[in-house]
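The structure appears below as structure tokens.
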Amino acid sequence: MNNGGEAADQMVRQSLQFAEVAIKLTALGFKNALSMALAYAKERPKVRGRTRLDRLLREGRELRIIPIQTKDLKEFTQQAKHYGVLFAPIRDKQGQGEKLDIMFRAEDVSKLNRIYERMGYAIPQQTRQGRKKALTRHPQDSNLRMRGDLEAKLDSRPSVRTAIIELKQAALAAQKAREQARDAITPDRGER
């Protein structure tokens, strides 16, 4: 009858070993999945919503600042996440002001303008200046005529086409002069 007890002991022992191996494999899989998730999180840093100021400064991109009411920060955070804006709120540590500054990347200006419109704020002056206000490299003809002196300077310069024509005429004249000089040096063979 001892045989029945040994068989039961072996089954219990084997089931415990199986459970131990299953737990080890599950823990190993969980550890690997967690390490992969951490590696993925490090490769893909936060790209929208609230962040720390040193993170924005570390990126080395151009930054802008806009003011906002402290009470509207929660709504602004939701809107910024919706539009994909990465920002850092800057509070005045000396005083308990009603306003705080929002620092963000300069390329997100259009998104911030939209958020400001949705929240009922006026668009800040510093972000309203767009491409239309920027100076152009080459002024248009109508602007040149208004400047007076500049028009006279531009008209005094010869065009490229006239310069090419003058150079071709000079080359033809030089070629004719060479031919005449060559003819003057060599006697005609028909006269002998």
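Nothing in this text is a laboratory measurement; each read-out follows from the coordinates by a stated rule. For clarity, every value in this text was computed on a predicted model and none was experimentally measured. Reconstructed Cβ throughout: ideal geometry from the backbone, glycine too, with neighbour counts over all protein chains shown.
The table that follows gives values for the structure above.
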item	result
Per-residue HN-Hα couplings for the stretch 174-180 [Karplus 6.51, -1.76, 1.60; θ = phi - 60°; Hz; x = Gly/Pro]	5, 5, 5, 5, 5, 5, 5
Potential lengthening between Asp183 and Leu100 on full extension [0.36 nm per residue; Cα-Cα distance subtracted]	20.7 nm
5 angstrom amide H check on Val85, placed H, neighbours 5+ away	Gly49
R0 of 41 Å, Cβ-Cβ distance Gln14-Met36: FRET efficiency to nearest 0.05	0.80
Karplus-derived 3J(HN,Hα), 6.51/-1.76/1.60, for each residue of the stretch 62-74, Hz, glycine and proline x	5, 10, 10, 10, 10, x, 8, 6, 4, 5, 8, 5, 5
